[in-house]
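Below is one structure, written out as structure tokens; comments come after it.
Read-outs throughout are calculated quantities, based only on the coordinates presented, and are distinct from any laboratory measurement. Remember, predicted model here, so these are calculated numbers, not experimental data. FYI the Cβ positions are ideal-geometry reconstructions off the backbone, even for glycines, and counts take in every protein chain you see.
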């Protein structure tokens, strides 16, 4: 008598197929580009049947959304761990950037994907999901640091947005250049925002001061 596959085995197979699709899409998007490729090319690269692909995704856009969400979640996890360990205000800033860069540099495909699809990736990352959570957590962490005296009062929301934007543009820079020292680049960005927060706080302390005429 043939036994039915266990739930665990079925789940393992689903995970394997989904990963095969995502990894294939990363390679295709990195080499051909998101706009130039078709779903057919992703299916061919994955080695799976067409029907199997459509069991998981309806089109290349839904695949790209999952890729962007997974990338953002990896960044979010790295940032959260770095900030939890930070012992100084500067480490709070620079170590978080270092964590982001390490996530990106662990796989050349990530960098090639970003280089070829910069505007596309930006759109998917900032449409919601994990990047929204990253901004919300950064807001909370900055508020906590202000409360502890690590940073002076400043416009927290706009600072969070600018910090995330700077991190994205730095990732684009890393994707195009191989010579940057990740630790020094992270420290540079940390110092940039630490000094900026200090100077801004002398003139503006809250986001609402930036609103209106």
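What is the angle, in °, between the Cα long axis of helix 7-31 and the longest principal axis of the Cα atoms in the chain? Nearest 10 is fine, range 0 to 90.
70 degrees
Given the chain, what whole percent of its Cα pairs are spread farther than 33 Å?
Numbers: 6297 of 22578 pairs.
Cα-Cα pairs of the chain separated by over 33 Å account for 28 percent.
Could you tell me the center-to-center distance, by alpha carbons, between the stretch 17-91 and the stretch 114-184 in angstrom?
The stretch 17-91 and the stretch 114-184 have Cα centres separated by 19 Å.
Can you tell me the alpha carbon radius of gyration of the stretch 9-58 divided by the globular rule-of-thumb value 2.2 N^0.38 Å?
Details: Rg = 10.8 Å, N = 50, 2.2 N^0.38 = 9.7 Å.
That works out to 1.11 for the stretch 9-58.
Would you mind ranking 46, 62 by Cβ crowding within 10 Å, fewest neighbours first?
Values: 46 20, 62 12.
Fewest-to-most ranking of 46, 62: 62, 46.
What's the whole-number percent of alpha carbon pairs in the stretch 43-153 lying beyond 21 angstrom?
Summing the P(r) of the stretch 43-153 above 21 Å gives 48 percent of all pairs.
If I fit a long axis through the Cα atoms of helix 156-176 and take the longest principal axis of the Cα atoms of the chain, what angle between them do I get, 0 to 90°, rounded to 10?
50 degrees
R0 = 22 Å: FRET efficiency of residue 169 with residue 205, Cβ-based, nearest 0.05?
Details: r = 27 Å, r/R0 = 1.21.
Efficiency, rounded to the nearest 0.05: 0.25.
Taking the Cα atoms only, what angle lies between the long axis of helix 89-105 and the longest principal axis of the chain, rounded to 10 degrees?
20 degrees
Which length gain, in nm to one decimal place, applies between residue 109 and residue 52 when the Cα-Cα distance is subtracted from 0.36 nm times their residue separation? Walk me through the intermediate numbers first.
On the way: separation 57, 0.36 × 57 = 20.52 nm, distance 2.40 nm.
Roughly 18.1 nm would be gained on extension.
Can you give the alpha-carbon Rg of the stretch 1-96 over 2.2 N^0.38 Å, where N counts its residues? Don't jump to the answer; show the numbers that get you there.
On the way: Rg = 18.5 Å, N = 96, 2.2 N^0.38 = 12.5 Å.
Dividing the Cα radius of gyration by 2.2 N^0.38 Å gives 1.48.
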